[in-house]
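To start, the structure itself, in structure tokens.
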Amino acid sequence: MQDYLNLTDEDLLKSIEKNDFDAFDELYRRYAQKLVSYVNSKLDDIEESKDIVQEIFVAIWVDRKNILLINSFSSYLFRIAQNKSLNFFKKNKIKEVYVKSFATFLTEISPEESHQRFEEEREAALNKVLGTLPEKMCTIFKLRYFENLTNEQVATRLGLSSHTVATQMKRALKTIRGRLDILTFLLVIINL
């Protein structure tokens, strides 16, 4: 059995490249706690720090066949930890701005106004997309969506087969789904 404690980082990396999990385990034992402390000193969130360090080591194991031997592996690890910490701040800053904006929006208008605005925006987005559909497809969709007709009723009214109506609806929904955000699209589907 190999004594991993006496191996250099470079030797451990060579072994890891050859799928040696014991070498990986030794590398993890050498650096994990130091990295967690380092990341936690930046984030002041021990659980998030542990998650980031775990992500780093998972990435190393997954990409073990492509590990380039680095002069200072410890410097490399700490650089990755620093970058992941910065990414964490950026991601949370965006979330924070979004949450503040949403909270402000909620306090500025009543629930009724909010619902009405949302409905108006949904209808405007849907009408914009409908304007890009071929005429027959648009007519079929409007009859199904706005007049709540069945495929058979639409087929009878337009002198088409039920199969044609169903096919045109599928194509219309596919086009609409591609052009609307997911929430708006789901609300359109719910109203069918």
Can you list the lysines whose alpha carbon sits under 22 Å from that of Lys91, skipping same-chain ones fewer than 8 residues off? Lys42, Lys50, Lys100
Convex hull around the C-alpha positions of the stretch 8-48: the volume in Å³ per residue is 78 Å³
Relative frequency of Cα-Cα separations exceeding 23 Å in the stretch 4-102, percent: 32 percent
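Only the coordinates and a few stated rules stand behind these numbers; no lab work does. Keep in mind the model is a prediction, meaning the values are calculated, not measured.
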